[in-house]
1. Here are 238, 213, 153: which of them is without any contact (Cβ under 8 Å) to a residue 40 or more places away in the chain, of a type outside the set (D, E, K, R) and part of a helix (DSSP H, G or I)?
2. What pairs come up if the first residue lies in segment 223-235 and is in contact (Cβ under 8 Å) with a residue 24 or more places away in the chain, the second is hydrophobic (A, V, I, L, M, F, W, C) and outside any helix (DSSP H, G or I), and their beta carbons are under 8 Å apart, counting only those six or more places apart or on different chains?
3. Among 310, 239, 274, which is the only one that is at pLDDT 85 or above and among the basic types (Lys, Arg)?
4. Sort out which residues of segment 232-250 are hydroxyl-bearing (Ser, Thr, Tyr) and surrounded by 14 or more Cβ atoms within 10 Å (Cβ to Cβ), and write them in order of number.
5. Give the residue, chosen from 138, 63, 127, that is modelled with pLDDT under 90 and surrounded by fewer than 15 Cβ atoms within 10 Å (Cβ to Cβ).
6. Given (1) assigned to a helix (DSSP H, G or I); (2) touching a helix residue (DSSP H, G or I) at 6+ places or on another chain (Cβ under 9 Å); (3) of a type in the set (D, E, K, R), where does residue 188 come up short, assuming only one miss?
7. Can you pull out the residues in segment 418-441 that are more than 18 Å from residue 358 (Cα to Cα) and not in a strand (DSSP E or B)?
8. Considering only segment 45-62, I want to know if a residue exists there that is within 60 Å of the chain's Cα centre (by Cα), of a type in the set (D, E, K, R) and either farther than 14 Å from residue 133 by Cα or in a helix (DSSP H, G or I) (or both).
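The values are calculated or read from the model by the stated rules, or taken from the named source; none is laboratory data. Just so it is clear, the model here is predicted, and its values are computed rather than measured. For neighbour counting, all protein chains shown are included, and Cβ atoms are generated from backbone atoms with ideal geometry for every residue, glycine included.
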Amino acid sequence: MLAIVALEVPLGINVVDRIRSDANAQALSQAQSTAAAANDSIEPPQLANLDELVKTNAATSKGRVMIFSAEGLTLADSSGPGRSGADYSTRPEVKAAISGDVVQIERHSSTVDRDMLATAVPVVHFGKTVGAVRITQGTAVITDSVNRAVVGLIAIGLLVLLLGSGAGWIIANQLSRPMRRLEKTAERVYLGDLNARAAIEGPREQRALAVALNNMLDRLIGMFNSQREFVADASHQLRTPLQSLRIQMDEIAYANKSPEVESEVAKANAAITRINSTIDQLLFLSRLRDRKVVATRVDLPQYAEAVVARWLPNAAAEGIDITVKGAPPWGRRYGMCSQEDLDRVIDALVENSVAYSNGKGPIEIGAVAGGIEITDRGPGLEVGEEERVFDRFARGSAGRDRPEGTGLGLAIAKEIMEIWNGSVELTNRTDGITGARALVLVSGGVRDDEDHDLRDDGELGDNVS
């Protein structure tokens with residue numbers, strides 16, 4: 001842009017000067033040719049010839065042509081013969097011309113109220129000045145020519161700018177395309193697709209970056225595979241001795257019927273059950289993003305009713321009422337998710353509510369805008385625990401004295417919902433009642449009266465994120 005301005009400004013000044021110079025030279029040439037043609041017709045005055053001469057040259061010059069005697073009296077005027085005899089000797093350009101000088105000036109004419117270019121030359125016959133010729137032209141013609149030239153230069157500049165911008169965009173796009181592809185590869189990796197690989201292309205620095213990224217991904221996949229294999233091997237190796245330990249505990253209980261032994265055996269079996277549950281959940285976490293899962297359209301209000309029906313016996317065993325919240329005002333809503341995954345998430349949250357309600361109820365489950373809400377009347381959360389409870393093996397302040405649980409349920413729930421582009425959050429109730437509120441938002445929730453193109457089902461492959 002600056003280069004175009006730097007080029008256009010001096011070029012424009014030069015063009016304007018050239019147009020004005022050409023106009024002045026043309027007017028002077030016409031005045032001199034008229035003077036040369038009139039030198040034989042002034043002394044004695046041949047008015048008919050002079051009238052014809054000024055009319056012809058006025059048409060050519062597109063101005064007013066006048067011929068004067070040596071005294072400055074009008075002999076012929078292209079504006080009409082009635083002006084003959086008028087005295088113009090006091091006009092500066094006429095006075096200078098009959099004195100033998102060539103004059104060209106721009107001045108404002110009060111008669112026609114516009115700026116004029118006046119060109120006056122002497123008429124010389126055998127070396128003697130016998131009269132003068134004056135041609136007056138409106139400068140509007142010159143100004144129009146200047147304006148057209150300036151507009152043309154601006155148009156050319158804009159065209160050059162447009163073409164240059166287009167060419168620059170094309171070149172920049174060609175140069176940045178490999179970088180954008182590398183950026184998209186990095187985004188896929190960020191979203192969990194470790195099978196993505198960057199194309200080795202572009203400048204040397206970018207090729208080196210792509211190679212480094214691919215090498216890093218290869219190492220990460222190797223580490224994750226080793227981790228999965230370790231978890232699988234560890235779970236297999238642990239299950240066998242744990243099963244043997246359970247059998248031994250049962251044999252001890254069978255051999256010794258004392259209440260004390262039976263109580264200790266029951267505690268040991270409960271611990272073995274928790275260890276097995278922890279192993280199962282760790283194994284599930286290690287394989288969470290490698291599953292093939294099917295997305296279905298979930299009717300959220302109906303799903304909330306099904307959850308209540310499923311958990312009613314467990315809640316009743318703890319002396320807790322579990323109910324369905326009233327239908328929301330907007331009617332039915334749907335979400336796209338694997339129902340098996342949604343069951344695991346909701347069950348983990350309801351299990352927490354049942355465990356921490358301490359017999360207080362009710363627990364309410366209902367559909368909200370795009371998700372499921374669960375509220376209880378337990379102790380709730382301490383300030384700052386809202387995010388920490390989703391960490392692996394983390395426990396809230398209310399659960400630190402409880403031996404049950406693996407500390408993985410909420411961590412798994414959060415990761416599952418992230419895979420489905422949803423979310424899960426756990427906060428204190430805001431309606432003035434002590435207790436916790438869990439909110440699970442499901443991706444793709446829509447009103448049942450909206451026209452949306454929802455698939456009946458869909459499958460997500462190796463990378464479900």
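1. Numbers: 238 fails: without any contact (Cβ under 8 Å) to a residue 40 or more places away in the chain; 153 fails: without any contact (Cβ under 8 Å) to a residue 40 or more places away in the chain.
Step by step, each of 238, 213, 153 is checked, and only 213 is without any contact (Cβ under 8 Å) to a residue 40 or more places away in the chain, of a type outside the set (D, E, K, R) and part of a helix (DSSP H, G or I).
2. Matching pairs, first to second residue: 224/194.
3. Working: 239 fails: at pLDDT 85 or above; 274 fails: at pLDDT 85 or above.
Being at pLDDT 85 or above and among the basic types (Lys, Arg) holds for just one of 310, 239, 274, which is 310.
4. Within segment 232-250, the first condition is being hydroxyl-bearing (Ser, Thr, Tyr), and the residues that meet it are 235, 240, 244.
Hit for segment 232-250 is 235, nothing else.
5. Details: 138 fails: surrounded by fewer than 15 Cβ atoms within 10 Å (Cβ to Cβ); 63 fails: surrounded by fewer than 15 Cβ atoms within 10 Å (Cβ to Cβ).
So the residue among 138, 63, 127 that is modelled with pLDDT under 90 and surrounded by fewer than 15 Cβ atoms within 10 Å (Cβ to Cβ) is 127.
6. Here residue 188 meets the rest and fails (2).
7. Residues satisfying the conditions are 418, 419, 420, 421, 422, 430, 431, 432.
8. yes
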